[in-house]
Amino acid sequence: MRNRSVRMLVIAPLVALLLTVGGCAAPAATSPTPGSTAGTAPAVTVSPSTAPVSAVDLAAGEIDEGVVVDVPDAGEGVGVTFREITLAPGASTGVHCHHGQLIAVVQAGALTHYADTHPGGVRVYAAGEAIIEGAYYPHEGVNEGEEPVVLWVTYIVPEGEPLAETDLARCDP
């Protein structure tokens, strides 16, 4: 019964995220983010709805395979954190792992992702692509481009664990 409770704790926020990020109706309009220059701004999609409910699509991405959300060792439950991460040109996340799962969309730029899970150890994610990172494998994201990389990230990790683990000795379950 405990596993079912943890699964529901993970699934309910994920469904809410998908409804918010993926939208629940066809896009109505797009406009640049305030303060951005035309042509380089991430688009904000507003989905039509019936008052008093409204939804704003913040990011949308695609991935070509099925996804299983798995948070190992979630004995006391899980935490869900939504975060925007911006990497300046030349910046790196540093090598790290996660104790749970990360689901992200590249909102702008291109992220070079180094991990043994990719053929040849590297994959470049462009704007509009989704990234799914599982638990415990070391990896690093680098902005090798000339414009900032903006990631919209959801972390699903066991309560009490950091969002990103930099002690690589803890990356081997």
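Listing for the model above:
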read-out	value
Net length gained if the chain between GLU76 and ASP64 were fully extended (0.36 nm per residue, minus Cα distance)	1.1 nm
Full-extension gain in nm, TYR137 to THR166, via 0.36 nm per residue minus C-alpha separation	9.3 nm
Isotropically averaged projected area of segment 126-173, using the convex hull of Cα atoms (one quarter of hull area), nm²	4.3
Per-selection metrics, segment 81-170 (Cα): Rg and Dmax in Å	12.3, 37
Carbon plus sulfur fraction of accessible area for segment 61-173, probe 1.4 Å, in percent	50
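The values are calculated or read from the model by the stated rules, or taken from the named source; none is laboratory data. All values derive from a computational prediction rather than experimental measurement. In case anyone asks, the SASA skips ligands and DNA or RNA and just uses the protein heavy atoms, side chains included. Shrake-Rupley method; radii C 1.70, N 1.55, O 1.52, S 1.80 Å.
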